[in-house]
């Protein structure tokens, strides 16, 4: 449904903005396999076709199977250098 895709995009943008307010530069969204499949299905339903999703709200998409139904917006340049730099959220409710 269109509402699900809008919810995911809005949440990704919200988390990216939170990171920006904390001084980070978010550039990647990590999606669990189930979350990626859900987003791809929603995007293909909305726009037609059977395309892969490479970018979401201006963030590069990477699939990390272990995240399952969740997604994490990250600043790839600072992740792991201390606390912060990432915001997690649930994609598939």
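Please go through the range 55-69 and pick out each residue that is in contact with a strand residue (DSSP E or B) (Cβ under 9 Å, 6 or more places away or on another chain), part of a loop (DSSP other than H, G, I, E, B) and modelled with pLDDT of 95 or more.
64, 69 - these are the residues of the range 55-69 that are in contact with a strand residue (DSSP E or B) (Cβ under 9 Å, 6 or more places away or on another chain), part of a loop (DSSP other than H, G, I, E, B) and modelled with pLDDT of 95 or more.
How many residues does the range 70-87 contain that are assigned to a loop (DSSP other than H, G, I, E, B) and free of Cβ contacts under 8 Å to residues at least 40 places away in the same chain?
Qualifying residue count, the range 70-87: 5.
Which one is surrounded by the most Cβ atoms within 10 Å (Cβ to Cβ), of the residues in the range 17-47 that are touching a residue at least 60 places away in the same chain (Cβ under 8 Å) and assigned to a helix (DSSP H, G or I)?
Looking at the filtered set, the residue picked out is 19.
Does residue 27 satisfy the condition of being at pLDDT 95 or above and closer than 16 Å to residue 93 by Cβ?
No: the conditions fail for residue 27.
The values are calculated or read from the model by the stated rules, or taken from the named source; none is laboratory data. Bear in mind the structure is a predicted one, so any value in this text is a computation, not a measurement. Methodologically, a virtual Cβ is constructed for each residue, glycine included, from the backbone with ideal geometry; neighbour enumeration extends over all protein chains shown.
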